[in-house]
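Take a look at the structure below.
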Amino acid sequence: MKLDDRRQFLNLSGLVEGGLILVAFLIGWIFDVDPIEHLKFSWAALVWGALAALPMFGLFVLSQRLTFNPLGRIRRFLLEALGPSLAACRWYDLILLAALAGWAEEILFRGLLQTWIEKSFESTTAGLIGSNVLFGLAHLITPTYALFAGVMGLYLGFLFDATGERNLLAPITTHALYDYLAFVMVVRSYRREYGKQDDADDTQSANRDLPPL
């Protein structure tokens, strides 16, 4: 796949994230766990989720600024592996990708795995830790990135119960908004570092209209 082929990247992303949702429902069906049992609309969950994305994004920005070598390797990976593909996307593609990732990963890791492990071990702590060990391993790009993802997963796991009533909408909102902001930052960093421009119509992106970060 060409790294800057927008259509291929979107199709692959859709297949991967859509596959996570199917896996969640399949495992849930086998073990009698409903991955969306605790998903309900709530303004409180939306507000909590939106506000909770800001500290996560602040930590991401800090990680991109620091010169610590393991963080530098993560930054290089994001720019070289994801930069061309994300830069080829339009602004609404990035919203779609972030929303899909937020829904798919939270349904699998919080809606299914955290709930399932809790029930299996009769322990909320086991559910929180176990699901996020798996969440970190699923993001094993580097050991540091896996650790970073695992800590973020714990944060999202706490948000699952942040409104006083367990609601999957809160971590979904946080995850999706964080991913969108991170995508925008990666695109801007990639274009700044590699001098990419929006000249060709077939790869033109409306990201120039995105707010500066």
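No lab work stands behind these numbers, since they all come straight from the coordinates. It should be emphasised that the depicted structure is a prediction, and the values quoted were computed from it without experimental measurement. Glycine also receives a Cβ, built like all others from the backbone with ideal geometry; neighbour counts cover every protein chain displayed.
How about segment 1-83: which trypsin sites (Lys or Arg not before Pro) there are in a DSSP loop, with at most 13 other Cβ atoms within 10 Å of their Cβ? Those that pass, being in a loop and sparsely packed, are K2, K40. For segment 6-209, the alpha carbon convex hull comes to 116 Å³ per residue, rounded to a whole number. With a cut-off of 14 Å on the backbone N, the residues of segment 154-180 near the modelled label site 7 Å out from L59 along Cα-Cβ are 154-160, 174-175, 178-179. If the chain linking L147 and S120 were pulled fully straight, counting 0.36 nm for each residue of separation and taking away their Cα-Cα distance, it would gain 7.2 nm. Residues whose amide H lies under 5 Å from that of A162, counting only those 5 or more places away or on a different chain, are N167; hydrogens are built 1.01 Å from N in the peptide plane.
Extension gain, E80 to D32, is 13.2 nm, computed as 0.36 nm per intervening residue step minus the present C-alpha separation.
In the chain, the DSSP-assigned H stretches of four residues or longer account for a calculated mean residue ellipticity at 222 nm of -22500 deg cm²/dmol, using -39500 (n - 2.57) per stretch and the full residue count as denominator.
Sparsely packed loop sites in segment 29-138 (the GluC sites (Glu not before Pro) outside DSSP H, G, I, E and B with at most 14 other Cβ atoms within 10 Å) comprise E37, E122.
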